[in-house]
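Structure, as structure tokens:
The values are calculated or read from the model by the stated rules, or taken from the named source; none is laboratory data. It should be emphasised that the depicted structure is a prediction, and the values quoted were computed from it without experimental measurement. With ideal geometry, Cβ positions are generated from the backbone for all residues, glycine too; neighbour counts draw on all protein chains shown. Just so you know, the surface numbers come from the protein's heavy atoms only, side chains and all, with ligands and any DNA or RNA stripped out. Shrake-Rupley method; radii C 1.70, N 1.55, O 1.52, S 1.80 Å.
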Amino acid sequence: MDEKTIGVLGGGQLGRMLALEARRMGYRLVQWTGGDQSGAERLADEVIYGAFDDETALASFLDQVDVVTVEFENIPKELIETIANDKPIFPRAEAIAVCQDRELEKNFLKAHEIPTTPFRIVESAAELDQALSELSGDVIVKTARDGYDGKGQLALPIENRPSSEEAWKHFEGRRAIVEKKVDLTGEISVMVVRGQDGEVVSYDPAENEHRNHILHLSIVPARLPESALQEAQEIARKVAEKLEYVGVIGVEFFINQDGQLLVNEMAPRPHNSGHHTLDACLTSQFEQQLRAVVGLPLGSTELMKPVVMWNLLGDLWKSANEQPDWSPVLSTAGARLHLYGKQSAKSQRKMGHVTICADSVEEALSKTLRCISSY
Ligand code: ADP
Ligand code: MG
């Protein structure tokens, strides 16, 4: 294995976990945060803090790296294209572009006959009004670009709905997608990894529970019929193949009242619902990302033990700098605590996660719920 330097765009916890695995495997990692300071810098070999439009930062980044990847999809498209002219970047620029724009993403899914929720693209109050009359019932409006963890989203239930003019004020000057609200029976996600030679592997689907549009728990194996789990993996693999993707992609699914799987969105990077792979799978999603970007064979995705991942949000913190008492977690057999080293806790900010492995998924879940109830 040569000593390659991997360049990472983005400065969040996914980059931090990637850096941890890169250190273990002997790679150098240069992280360009774009201005963010969120803990990743303590693990990367080099950190560049310049804004993503800073030419000096770009030159320094390109000078140091052999291959580039992203840990956050909302990196300016122009920057990704500029980098792609100079260095290999995985996933390729076009695949990132599709995943970072909800309009391109939905059109891609439609073109490949992959079921999604009905939607309309709108750019004005009048178009929003038209979309609302075409899509009957409750809808969710989302900015086409730059949203995450439910940011940039507005639910418009059929009852007590503001006027389209009023609602559009949230999106003024932007392009938005209006999605029919799915009456969910559940949500799952599948992490797929595709290598440079086209080899594809996928992980067991995770069953995801969200609170306020933010992932709360991931339960693996998902408690769904085997046929649904198989189908989700097939769809997710198809997405990776059609995107000619290299690296880890997270494919999120809604399950509606008829048990039908609808693709919600794709994340062109390791995914929050794949964090359990660090503790419960033979190869973590972060190791797979490294293997894919440097061109190594992919690893086994086998689940060693049933597991539940619980996201730790800033709301648990006693104050911005004071952590809660972790004793209930640390005294639980099978639990592992991951903290991201972020400077200050904020409401709804992801500060860390806990994974709890057990002999059965029921036991892992009951241990997790017991931990949660002590906070
Ligand atoms: P983000 O980029 O913030 O993850 P998502 O589109 O995945 O955005 O939305 C976050 C969560 O909000 C989803 O996982 C789901 O729980 C809920 N949600 C979003 N869109 C819909 C929808 N059309 N119908 C039902 N629930 C939705
Ligand atoms: Mg999502």
What figure, in Å² to the nearest 10, do you get for the accessible area of F72 with a 1.4 Å probe and non-protein molecules left out? 70 Å²
FRET efficiency for E241 and A333, Cβ-Cβ distance as r, R0 = 56 Å, nearest 0.05? 0.90
Highest-fluctuation residue, I96, I255, I158 considered, GNM on the chain with Cα pairs under 10 Å: I158
Listed by chain and number, the aspartates and glutamates with an alpha carbon less than 14 angstrom from that of K169, same-chain partners under 8 positions apart left out, are E123, E127, D129
If you take the charge dipole of the chain about its Cα centre, with +1 on Lys and Arg Cβ and -1 on Asp and Glu Cβ, which of I75, T277, N311 is farthest toward its positive end? N311
Quantify, in whole percent, the carbon and sulfur part of the accessible surface of segment 5-89 (1.4 Å probe; protein heavy atoms only). 43 percent
So, relative contact order of segment 184-372 in percent, Cα under 8 Å, 6 or more apart, is 21 percent
Assuming R0 = 25 Å, what is the FRET efficiency of V200 and K169, from their Cβ-Cβ distance, to the nearest 0.05? 0.05
For the chain, dividing by residue count, accessible area per residue (probe 1.4 Å) in Å² works out to 43 Å²
Starting from 0.36 nm per residue, how many nanometres of slack lie between E81 and S60 once their C-alpha separation is accounted for? 5.9 nm
Just V200, V251, V192 to compare: in a GNM of the chain, with alpha carbon springs under 10 Å, which one fluctuates most? V200
For the chain, set up a GNM with springs between Cα atoms under 10 Å and report which of R42, R291, R174 has the largest fluctuation. R174
Apportionment of accessible area to carbon and sulfur, segment 184-372, percent (1.4 Å): 45 percent
Between segment 285-321 and segment 117-169, the Cα center-to-center distance that results, in Å: 33 Å
Past 23 Å, Cα to Cα: identify those pairs from K151/K342; K142/K350; K142/K180; K180/K350; K181/K342; K181/K346, in the order given. K180/K350; K181/K342; K181/K346
